[in-house]
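Below is one structure; the comments refer to it alone.
The values are calculated or read from the model by the stated rules, or taken from the named source; none is laboratory data. Note that the structure is predicted; figures quoted are calculated from it, not measured. Cβ: placed from backbone, ideal geometry, glycine included. Neighbour counts: every protein chain shown.
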C-alpha cells in the first residue's frame, strides 16, 4: 500500500510542477495592456535631499530625489504621495516625467501594465505630471570650495 501512495504522490507532484511551469510561462509571455488613471494634482514639490551619518571618520551618505504631491481622489479626499526616481537599466521608462503645458490646473496620470489573460498588474507605475507653464522654477546654486 505504501508503494501505491508513493506513486500517487509522485504523480500529484509532477502535475503540480507542470501547473506551476505553465503558469510561469503564461505570465512571462502574456500580452499586456496599459491601464491609466488620472487624478487632480493639488500640490507638487520635488525633494532632492542628501543626508548621512558619520562617527569617528566613518559613516554613510544617503541621497535621493523624490516628487512629493497631493492628489485628489474620486471620493474627494486628498492623499500625500511620494514617488522616487527609478534608476538602473530597464527602469528608464518608469522615471517620472513632468510636462509643462498651456493649462490652469495640474493632473497626475499613473499607468501600469496589466496582463490580458491573468489580470495581474505590474508593480512598477509610470507617473506623468502635467502642470501649467512656468511652474518649474529654475535656479543654480553651486558651492565650489
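Tabulated data
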{"item": "Qualifying residue in the stretch 27-36 (condition: exposed (fewer than 12 other Cβ atoms within 10 Å of the Cβ) and either at pLDDT 85 or above or closer than 30 Å to residue 139 by Cα (or both))", "result": "yes"}
{"item": "Filter result (modelled with pLDDT of 90 or more and either under 13 Å from residue 44 (Cα atoms) or surrounded by 13 or more Cβ atoms within 10 Å (Cβ to Cβ) (or both)) within the stretch 128-145", "result": "128, 129, 130, 131, 132"}
{"item": "Close pairs (9 angstrom Cβ cut-off, 6 or more residues apart or separate chains): under 27 Å from residue 115 (Cβ atoms) in the stretch 6-26, modelled with pLDDT under 85 anywhere", "result": "23/118; 26/115; 26/117; 26/118"}
